[in-house]
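Right, one structure below, let's go through it.
The values are calculated or read from the model by the stated rules, or taken from the named source; none is laboratory data. Predicted model, so just to flag it, every value in this text is computed and none were measured. Backbone-built Cβ (ideal geometry, glycine too); neighbour counts: all protein chains shown.
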Amino acid sequence: EAQVTQNPRYLITVTGKKLTVTCSQNMNHEYMSWYRQDPGLGLRQIYYSMNVEVTDKGDVPEGYKVSRKEKRNFPLILESPSPNQTSLYFCASSPWTGVGNEQFFGPGTRLTVL
Amino acid sequence: GNSVTQMEGPVTLSEEAFLTINCTYTATGYPSLFWYVQYPGEGLQLLLKATKADDKGSNKGFEATYRKETTSFHLEKGSVQVSDSAVYFCALTAAGNKLTFGGGTRVLVKP
């Protein structure tokens with residue numbers, strides 16, 4: 001089944017404890033992206049990657065890191081999480097870059113930072 | 001920069017009622033417009049899209065028409081069902097794959 005998977009689905013952690021949220025897609029997509037969803041703000045892009053070893057900042061990159069060593073994986077790293085990073089996170093992928101392409105979303109990771 | 005504005009919810013309807021969710025946008029160039037739907041506990045799914053002016057996207061009884069003159073992409077459905085209860089997001093891409101989202105509209109359909 002073609003899909004984007006994320007792990008974990010739920011995570012409660014404490015301020016300053018490094019964590020990684022994994023994202024994997026099995027559709028051989030070139031483009032991958034991370035969004036965070038906050039009430040009333042919709043989804044905002046954190047980072048994106050147009051291909052292996054190519055990553056760039058989105059609208060809200062502060063406090064996050066990513067890597068794209070393999071085409072299928074795009075982990076999101078929080079080196080020192082803070083309470084304002086409590087949010088619902090979505091990974092997405094798309095076959096190629098360009099206006100009009102559908103993005104496929106993972107099921108989401110709900111993160112709480114105490 | 002680009003932006004999307006959609007009506008705030010929640011919108012509460014009875015089954016078989018008519019649904020409209022307003023969406024307007026600001027963008028440079030010629031954006032593509034999307035409606036994504038998020039069912040409870042799930043990720044977003046593409047509901048419909050339109051890539052140029054006057055295009056009509058449609059899916060599952062939902063429709064939206066790309067109106068360049070009014071910079072709008074309003075979502076409509078003639079007869080909603082309980083299963084349509086979800087959060088609906090209007091979004092656009094204007095360069096590359098970056099999606100710019102509206103704030104989302106929660107729709108609750110009661111039997």
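Brief remarks on what is shown
- Looking only at segment A:95-109, and only at residues there that are touching a Ser or Thr at 6+ places or on another chain (Cβ under 8 Å) and either of a type in the set (A, V, I, L, M) or part of a strand (DSSP E or B) (or both), the one that is nearest to residue B:51 (Cα to Cα): A:99
- Qualifying residue in segment B:88-99 (condition: on the phi > 0 side of the Ramachandran plot and under 10 Å from the mean Cα position of the chain (by Cα)): no
- Cross-chain or 6+ apart pairs with Cβ under 6 Å, segment B:13-42 first and in contact (Cβ under 8 Å) with a residue 40 or more places away in the chain, then among the acidic types (Asp, Glu): B:20/B:76
- Highlighted here are the strands (runs of 3 or more DSSP E) found entirely within segment B:64-111 that include at least 2 residues which are more than 14 Å from chain A (Cβ to nearest Cβ): B:75-77, B:105-110.
- Of all residues in segment A:89-114 being of a type in the set (A, V, I, L, M, F, W, C) and at the interface with another protein chain (Cβ under 10 Å from one of its Cβ atoms), the one that is surrounded by the fewest Cβ atoms within 10 Å (Cβ to Cβ): A:96
- Test: residue in segment A:77-88 that is closer than 30 Å to residue B:53 by Cα and within 11 Å of another protein chain (Cβ to nearest Cβ): no
- Unique residue being among the hydroxyl-bearing types (Ser, Thr, Tyr) and at pLDDT below 95 when the list is B:39, B:66, B:88, B:25: B:39
- Look at (1) over 10 Å from the mean Cα position of the chain (by Cα); (2) at pLDDT 95 or above; (3) surrounded by 15 or more Cβ atoms within 10 Å (Cβ to Cβ) and you find that residue B:82 fails only one, number (3).
- Within segment A:62-83, the residues that satisfy the criterion of being within 29 Å of residue B:27 (Cα to Cα), of a type outside the set (Gly, Ala, Ser) and surrounded by fewer than 16 Cβ atoms within 10 Å (Cβ to Cβ) are A:62, A:65.
- Out of A:20, A:13, A:5, A:55, one residue alone is farther than 15 Å from residue B:99 by Cβ, away from chain B (no Cβ under 12 Å), in contact (Cβ under 8 Å) with a residue 60 or more places away in the chain and surrounded by fewer than 21 Cβ atoms within 10 Å (Cβ to Cβ). It is A:13.
- Number of positions in segment B:1-38 that are within 11 Å of chain A (Cβ to nearest Cβ) and in a loop (DSSP other than H, G, I, E, B): 8
- Selection of segment A:68-87 for residues being assigned to a loop (DSSP other than H, G, I, E, B) and touching a Ser or Thr at 6+ places or on another chain (Cβ under 7 Å) yields A:68, A:72, A:74, A:75, A:81, A:82, A:86.
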